[in-house]
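Right, one structure below, let's go through it.
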Amino acid sequence: WDNADFSRGVGTTFYQEFLTLNTDKPPFVRDVEAKVRRYVRSSYSAAWTLKITWEKAPAYAARTDTQRTVTYQAVLTTDGFRSYVLMLYQDGGMRWDYTRLPATNVLIGYT
């Protein structure tokens, strides 16, 4: 993981919250539920979901490269008892030039 750098006015971050307790669920939430069910092989019905999107984000430090941007999402979801995070990346994964990043031990995801 590395830092995105929006200081040059390139890229943006936005979020969308889905409150789904006792309401019809939008297609996005149904898709998240299906992914959780498939990955953990158990029943799951979301009560709350948050989608955070980093769009066209340049890597830190943007002063060296604002052309290689990447779009990715973190989706947090809970049924009130269990919580999950989905890390979603555009096709091709992270497109940052890892040889220019300050850290050399680059990973995609979280630990």
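Values computed for the structure shown
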item	result
Val10, sole failed condition from (1) without any contact (Cβ under 8 Å) to a residue 40 or more places away in the chain; (2) closer than 18 Å to Gln73 by Cα; (3) over 17 Å from the mean Cα position of the chain (by Cα)	(1)
Count - residues of the stretch 15-45 that are under 28 Å from Asp5 (Cβ atoms) and either in contact with a His (Cβ under 8 Å, 6 or more places away or on another chain) or crowded, with 17+ Cβ neighbours inside 10 Å (or both)	0
Among the candidates Ala46, Ala74, Ala34, residue that is closer than 28 Å to Trp96 by Cβ and of a type in the set (A, V, I, L, M, F, W, C)	Ala74
Enumeration of residues in the stretch 46-56 that are within 26 Å of Thr12 (Cα to Cα) and surrounded by 17 or more Cβ atoms within 10 Å (Cβ to Cβ)	Thr49, Lys51, Trp54
Test: residue in the stretch 38-45 that is modelled with pLDDT under 95, of a type in the set (Gly, Ala, Ser), closer than 16 Å to Leu19 by Cα and in contact with a helix residue (DSSP H, G or I) (Cβ under 9 Å, 6 or more places away or on another chain)	yes
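The values are calculated or read from the model by the stated rules, or taken from the named source; none is laboratory data. What you see is a predicted model; the values in this text were computed from it and never measured. Cβ: placed from backbone, ideal geometry, glycine included. Neighbour counts: every protein chain shown.
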